[in-house]
Amino acid sequence: DEDDGEEEVVWKHKQEAVKTAEDEDFEKEFGKMMLESRSSNVRKALDVAIPLELQDSSHAPDVVRDPDGEVKVVFKMLTRKGGAASKVAARDIAIPTSSTLTSSSMDHSSNEAEEKRLLKARVLGYQNEVDFQKAHGARGFRR
């Protein structure tokens, strides 16, 4: 009968799973384990003193072209040799512009520059307004 190409379908009734105390204990311990694994994956801030020559981040990163013609952005990478009390050194590292690190860094830099420009315009506008009021004796001016 199996050679005639027909398939036999057998339907089984699904049984409801009954949770036991052992299942609940397992789920509780599994939850704790997952919580611990997530908390251990949290990155901690790097606790190093940034060298004085690197603290001024107002300049744009250097862009270079390697011998193959690929455009790369030069970043400063802080390194520490030895133990916790060792000296921090900065090393140049060139990363291709196609990487997500480079693109997010460039986006962040441009956003920071735009925010700085807007803040400067707002402060200068406020200062001009104050100077105008002083010069023209504006009374009862309210914002």
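The values are calculated or read from the model by the stated rules, or taken from the named source; none is laboratory data. Given the structure is predicted, the values throughout are model-derived calculations rather than measurements. Heavy atoms of the whole protein, side chains included, go into the accessibility calculation; ligands, DNA and RNA do not. Shrake-Rupley method; radii C 1.70, N 1.55, O 1.52, S 1.80 Å.
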>> I'd like the full set of residues that are open to solvent by 70 Å² or more (accessible area, probe 1.4 Å) and part of a helix (DSSP H, G or I), limited to the range 95-113.
In response: THR100, LEU101, MET106, ASP107, HIS108, ASN111, GLU112
> Is it fair to say ALA113 is among the hydrophobic types (A, V, I, L, M, F, W, C) and under 20 Å from VAL63 (Cα atoms)?
Replying inline: yes
